[in-house]
Structures are given as C-alpha cells and as structure tokens.
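Okay, structure first, notes after.
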Amino acid sequence: FKNARHLLDVEPVIQEALKACAFCDGDQPLNTFAFVDSQSEPGVQVSDALVGLLGKFLSYVARTSPMQLKADRQALTQGQKRTLAKLNAILDRSDAETSALLHHVMSVRTMRAKEFFLTGV
C-alpha cells in the first residue's frame, strides 16, 4: 500500500530484515512504515489485540471437529453470537475496503469452519 502509512510495533528482528529491503514505486523510493512503541500507540495496541484474537479463533476452528464446532456454536449465548456477528462485520468491511487486507492461508475446511462459526451457516 504505497499511499498508506504503516505503523509497526518495535521488533528488532523485523527492523533488521526490513533494512535490507528497498521499497520503490518505479524509481521513487517509498518510506511508508515506521516502528513505534505499542504502549504509546493505541492503533498498534488494538491491532495486536485483534490479530491475537483472530489467531486464537482460527487455531480453534482449524483443530476442532465439525460436530464439536456445531455443538459449541449452539451453546453460545445471545451476547456471544452478537459479538461474533460484530467481528464478522469488521472482517466483511475490511474485505470490502480492499481484499488485500485479508490474506488467507488456510485449508478450505478451515475457511468453511470459520464462516460457519462466525455466521451459523
């Protein structure tokens, strides 16, 4: 995203790896990212929390049998179902903004399990 500003949590290993990369738009060098302390940057804090939540959720649906997913989904409270619907809406809005924001590397089974658990369908 050459026109965006990317704020990344301070990670020395990542900083070193990115120093070796030259990001350009044609002949024009791009400087689109900066490293910030996540403790002082609310956007990075929210991003870290959301990515952590999604990671746990996707690990759960990947390792759980379809029968158990169905039972777990049916056992959710109405409040939990509303929360899942809100998470799904965030993901849908992100995908509508640009599909490049959501890059999936998972099996078809896990994709279907994710969709079932989020939507109930």
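The values are calculated or read from the model by the stated rules, or taken from the named source; none is laboratory data. If you're wondering where the values come from, they're calculated on a predicted model, not measured in any experiment. Because the Cβ atoms are built from the backbone with ideal geometry, glycine has one as well, and the counts that use them run over all protein chains shown. In case anyone asks, the SASA skips ligands and DNA or RNA and just uses the protein heavy atoms, side chains included. Shrake-Rupley method; radii C 1.70, N 1.55, O 1.52, S 1.80 Å.
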Estimated distance in nm for a label pair at ALA75 and SER99, the labels positioned 7 Å out from Cα along Cα-to-Cβ | 3.6
Starting from the Cα-Cα distance between LEU50 and MET67, subtract it from 0.36 nm times their residue separation and give me the gain in nm to one decimal.
-> 3.4 nm
Suppose every K and R has +1 on its Cβ and every D and E has -1 on its Cβ; what is the size of the dipole of segment 1-52 about the Cα centre, in Debye to the nearest 20?
-> 140
In deg cm²/dmol, rounded to 500, what helix-only [θ] at 222 nm does the chain give when every DSSP H run of at least 4 residues adds -39500 (n - 2.57) and the total is split over its residues?
-> -19000 deg cm²/dmol
Using a 1.4 angstrom probe, figure out how much accessible area the chain has per residue, in square angstrom, rounded to the nearest whole.
-> 73
Relative contact order (%) - criterion: Cα under 8 Å, at least six apart; region: the chain | 23
For the chain, the charge dipole (Cβ of Lys, Arg +1; Cβ of Asp, Glu -1; about the Cα centre) points to a positive end, and the Cα of GLN15, GLN78, TYR60 closest to that extreme belongs to GLN78
For segment 67-120, the accessible surface attributable to carbon and sulfur atoms (probe 1.4 angstrom, ligands and nucleic acids excluded) amounts in percent to 55
What dipole magnitude, in Debye to the nearest 20, does the chain give about its Cα centre under +1 on Lys/Arg Cβ and -1 on Asp/Glu Cβ?
-> 860
